[in-house]
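Down below is the structure, laid out as C-alpha cells.
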Amino acid sequence: MSSRLLNKVGLFFAALVLVSPAILFFLWMISLSLKFEIDNGAYPPILIPEHFAWSNYAMVFQENDFLLYMWNSVLVTGTATLLALLIGVPAGYGIARLKAERSAVVIMIARMTPGLSYLIPLFLLFQWLGILGTLWPQIIIHLVVTVPIVVWVMIGYFETTPMELEEAANIDGASSWQVFRLVALPIAKPGIVVAFILSIIFSWNNFVFGVVLASRETRTLPVAVYNMLSYEQVSWGPLAAAALVVTLPVLVLTLFAQRQIVAGLTAGAVKGG
Amino acid sequence: MSAIAPERAGVTTQGIEGSQPVRLAPNYWPFVVPALVVVGAVIVFPWAFTLWMSVNSWTLGQSRSFAGMENYLRLATDPRFWESLWHTLTYTFLSVVGPMFLGTVAALIFDAKFPLRGLLRGVFVMPMMATPVAVALVWTMMFHPQLGVLNYLLSLVGIPAQEWIFNVNTVIPSLVAVETWQWTPLVMLIVLGGLASVPREPFESAEIDGANAWQQFRYLTLPMIAPFLMIAVIIRTIDALKSFDIIYAMTQGGPGTASETINIYLYNTAFSYYDMGYGSAMAVVFFIVIVALSFILLMLRQRSQWIDAEGR
C-alpha cells in the first residue's frame, strides 16, 4: 500500500517536472508584462517587482489601435468559424455515413499544403477583385484553417454515434435532411462544441495569412503584436503585455474546455493517419 | 441548403410510389457538396493557379511572360535555395526527435493515475494552444544575450552565456527548443490516445510471468502503440517542415540567412521581392518535398504493420 502511495507521489513530481517549462514560461511572461523598464533590465532578473507596472497594459490599448485589432480578430475568427461549422458539420456527417475514407486523404493534403502556397494566388485574386482593404480576404482564407478542422472532428464524431436511431427515422419516412437535422445533429452537439473550440483557437492564432493580407486597418491581433516590434525601440513591458493580451483568450478557453480539447485533438490527430 | 431539396423529393416519391418495401439507401452526397465547393475554391483553385504561375516569369508591377521551366532551373542552381532546404531538413529532424521523446515520456506519465492529473495535463497542453507569435516574442526576450533570463539561469549552474538566436551556430537549435516547447503536447495527446486503446490483460499475465517494468514497456506497450507513434512522427514532420510563425517572428531567417527555411525564403521571394513566378515554383517544389517525406513515412508505417502482422 505504501509503495503504491510512493509511486503516486513519484508520478506527481515527474509530471510537475514535465509541466514546469510551461508554468515557468507563462509566469515569466506575466512578470515581464508587469514590470517597469528598470526592473526588466535588472541583473539578476526580478520575478516579482516591488511596483507593478499596470500602465503597460494601458499603454497597449492607448498607443495602438488594439481595440480595433481585437475587433478585427473577433470578426475574422468568428465568421470563419461559423461558416466552417455551416458547411463542415454536414460534410463530416456525409463523409462518415458514406464511409468515404479517401476524403480523409484530401484533408490530409490540405494539412500538408504550406499556407504560403495558398497565399500567392489568393493574394493576386483578392487584389484583382479590389477587396484587399477589407476583412473578407482574411475571412475567406481562414476557411483553409477552419473547414478541415471542423470536417475532421465531425467525421470522427459521427462515426461513433449509433446508426440505429437514424435508420429507424429513415424507415418512418424522414428525408435524409430531416434525419440529419432532427436525429444526428442533436446527438452530435458535444462534437460540434469541440470543433467550434478548436476552430476558434487555430484561427485566432493564425499569423501568416494576416501578415500578407492585412492592411493598417484590417490587422488581426497576432499581426498587430508582431508589428509593435518594428516600431523604433519598444520596451519589453508593453510588448509582453500585448503578447499576453493576444494569447489570453485562447489560454482561458484552453483551461476551461480542457477536456473537450484533449478529446478532440486525440481523436482528430489519430484520424489523420 | 437548396442542394438538399431534390434529394428530399427523391426519397419521398420512392417511399410513396415504390412498390417494393425495400428503401434506397439515403443519399449523403448533398451534405458533402458545399464543403467540396469551398475546398475547391480555396484549395484546388490556388493549386492550379500556382502551377500555372510557376511556369511564368512575373514580378508584381511588371509584365508577365511565359517562362517554361526557367523558374525550376533557376531553383536548381540557386545556392540560397539549397541552403534553405538544408536548414529545413535539420530543423525538421530536430523538431521531430525532441518532441517525440519528451511527448512519449509525458504520455506514459499522464496515462497513470496521480493527484491533480487533470489540472497538470491541462497546463501541459497550454503551450500548443498559445498564439505562436506572442510566444515567440517572449522567447526572444528570454534569449536576449545580456538581459535574458535564460543566460541568468545558465550562470546559476556555471554555464557561460550563450548568444542563442543571435548566433549563426546556435540559432537553429534555439528555435527548435521553442518548437519543442510548443508542440510536445500534441505528441503527448496522440500517444495518450494510443495508450488508452492498449488492453490490460497481457500486462497481467506478463506480471505473473515476472516481467519487469522495462520488459513490459519494451515488448508489450511499445509494439502496441507503434502505429500511434508513427502517426505522431508524420504529423510532427509535416508541421515542422511548414513551421513559419516562430521562425519569422524571432529571426526572420537570420542572422544573415542562418535560419532561413524554405518557407521563409518562399515568403521573402513572393512578398518582399514580389517575384510571384519564382515564388510559385518554390511553393510547388516545397509541396513536393512535404508530400514525398510524408509518403516515405507512411510507407514505413505500412511496412511496420506488415512485419507486425507477419510476426503474429
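Relative to the compact-globule scaling 2.2 N^0.38 Å, provide the ratio for the alpha-carbon radius of gyration of the range A:1-97.
Working: Rg = 23.1 Å, N = 97, 2.2 N^0.38 = 12.5 Å.
So the range A:1-97 has a normalised radius of gyration of 1.84.
7 Å from Cα along Cα→Cβ at both B:S65 and B:D78: what's the point-to-point distance in nm?
1.9
Name the lysines eligible as straight-distance cross-link partners of A:K99: C-alpha to C-alpha under 17 Å, and not fewer than 8 places from it in the same chain.
A:K271
Can you give the relative contact order of chain A as a percent, counting alpha carbon pairs under 8 Å and 6+ residues apart? Walk me through the intermediate numbers first.
Values: 263 pairs, mean separation 81.6, N = 273.
Relative contact order of chain A: 30 percent.
Report, in cubic angstrom per residue, the convex hull volume of the C-alpha atoms of chain B.
It is 267 Å³ per residue.
Find the all-direction average of the projected area of the Cα convex hull for the range A:1-45, expressing the result in square nanometres with one decimal place.
4.2
Per-residue mean of other chain beta-carbon atoms within 10 angstrom of the beta-carbon, peptide A:91-98?
5
Under 30 Å Cα-Cα from A:K8, which lysines qualify once same-chain neighbours fewer than 8 residues away are excluded?
Cross-link targets: B:K113.
Using amide H atoms built 1.01 Å from N in the peptide plane, name the residues 5+ places from B:F244, or on other chains, whose amide H lies under 5 Å from its own.
It is none; the list stays empty.
Test of the criteria: in the range A:203-260, which trypsin sites (Lys or Arg not before Pro) are in a DSSP loop and have at most 12 other Cβ atoms within 10 angstrom of their Cβ? Before the final figure, lay out each step's value.
Values: sites: A:R216, A:R219, A:R259; in loops: A:R216, A:R219.
In loop regions of the range A:203-260 (DSSP not H, G, I, E or B), the sparsely surrounded trypsin sites (Lys or Arg not before Pro) are A:R216.
Residue by residue, what Karplus-based ³J(HN,Hα) values in Hz, rounded to whole numbers, does the range A:31-46 have, using 6.51, -1.76 and 1.60 with θ = phi - 60° and x for Gly and Pro?
4, 4, 6, 10, 10, 6, 3, 4, 6, 5, x, 6, 9, x, x, 9
What is the sum of charges, Lys and Arg at +1 and Asp and Glu at -1, for the other residues whose Cβ falls under 15 Å from the Cβ of A:A42?
-2
Between B:D209, B:D239, B:D111, which gets the highest mean-square fluctuation from a Gaussian network model of chain B, Cα cutoff 10 Å?
Its mean-square fluctuation being the largest, the pick is B:D209.
Mind grabbing the base-10 log of I(q)/I(0) for the range B:139-289 at q = 0.12, 0.14, 0.18 Å⁻¹? Debye formula, identical points on the C-alpha positions, no solvent, two decimal places.
Debye curve over Cα of the range B:139-289, log10 I(q)/I(0) at q = 0.12, 0.14, 0.18 Å⁻¹: -0.74, -0.86, -1.04.
With θ set to phi - 60°, apply the Karplus curve 6.51 cos²θ - 1.76 cosθ + 1.60 along the range B:227-243 and write out the HN-Hα couplings as whole Hz, x wherever there is a Gly or Pro.
Working through the residues one at a time gives x, 6, 4, 5, 4, 4, 4, 5, 4, 4, 4, 4, 5, 5, 4, 7, 3 Hz.
Pick from A:P222, A:P137, A:P114: which residue has the top mean-square fluctuation in a GNM of chain A where Cα pairs under 10 Å get a spring?
Maximum fluctuation in the GNM of chain A, among the listed residues, is at A:P114.
Say we join alpha carbon atoms closer than 10 Å with springs in a Gaussian network model of chain A; which of A:T247, A:T77, A:T146 then has the biggest fluctuation?
Highest fluctuation of the listed residues: A:T247.
Measuring from centroid to centroid over Cα atoms, what is the spacing of the range B:40-78 and the range A:237-268 in Å?
Cα centroid to Cα centroid, the span is 38 Å.
Rounded to the nearest 0.05, what FRET efficiency is calculated for B:W214 and A:L24 with R0 set to 35 Å and r the Cβ-Cβ distance?
0.70
Just the number, please: Stokes-Einstein D of the protein assembly as shown in µm²/s, Kirkwood Rh from C-alpha pairs, 10 °C, 1.306 mPa s. Please report the intermediate quantities before stating the final value.
Numbers: Rh = 25.9 Å.
After rounding, the answer is 61 µm²/s.
At a Förster distance of 51 Å, what's the computed FRET efficiency of A:L229 paired with B:L119, Cβ-Cβ distance as r, to 0.05?
That pair, A:L229 with B:L119, gives E of 0.90.
Between beta-carbons, use under 12 Å as the cut-off and find the net charge around B:K242, counting Lys and Arg +1, Asp and Glu -1.
Net local charge, B:K242 excluded: -1.
Given H placed on each backbone N at 1.01 Å, which residues far from B:N56 in sequence or on other chains put an amide H within less than 5 Å of it?
B:A67
Given contacts defined as C-alpha pairs under 8 Å and at least six residues apart, what's the relative contact order of chain B, whole-number percent?
Working: 310 pairs, mean separation 84.1, N = 312.
So the answer I get is 27 percent.
Looking only at other chains, what is the average number of their beta-carbon atoms within 10 angstrom of each beta-carbon in B:258-264?
Numbers: counts 0, 0, 0, 0, 2, 5, 1.
The shielding value for this peptide is 1.
Based solely on its DSSP helices, what 222 nm [θ] is calculated for chain B when runs of n ≥ 4 H residues each add -39,500 (n - 2.57) and the sum is averaged over all residues, nearest 500 deg cm²/dmol? Walk me through the numbers before you get to the answer.
Details: 15 runs with 213 residues, N = 312.
Helices in chain B give a 222 nm mean residue ellipticity of -22000 deg cm²/dmol.
Provide A:T161, B:T140 in ascending order of the number of other Cβ atoms located within 10 Å of each residue's Cβ, fewest first. Kindly include the intermediate steps, with their values, before the conclusion.
Numbers: A:T161 16, B:T140 20.
Starting with the residue having the fewest Cβ neighbours, the order is A:T161, B:T140.
If you stretched the chain out fully between A:K99 and A:S55, how much longer would it get, using 0.36 nm times the residue separation minus the C-alpha to C-alpha distance?
Answer, rounded to one decimal: 10.2 nm.
Shielding of B:152-160 by partners, i.e. mean partner chain Cβ atoms within 10 Å per residue?
So the per-residue partner count for this stretch is 1.
Evaluate 2.2 N^0.38 Å with N set to the residue count of chain A, then give the Cα radius of gyration divided by it.
It is 1.24.
All of the numbers you see were taken from the coordinates with simple rules; none came from a lab. What you see is a predicted model, and the numbers here were worked out from it, not measured in a lab. A quick note on method: Cβ atoms are made from the backbone with ideal geometry, for glycine too, and the neighbour counts reach across all protein chains shown.
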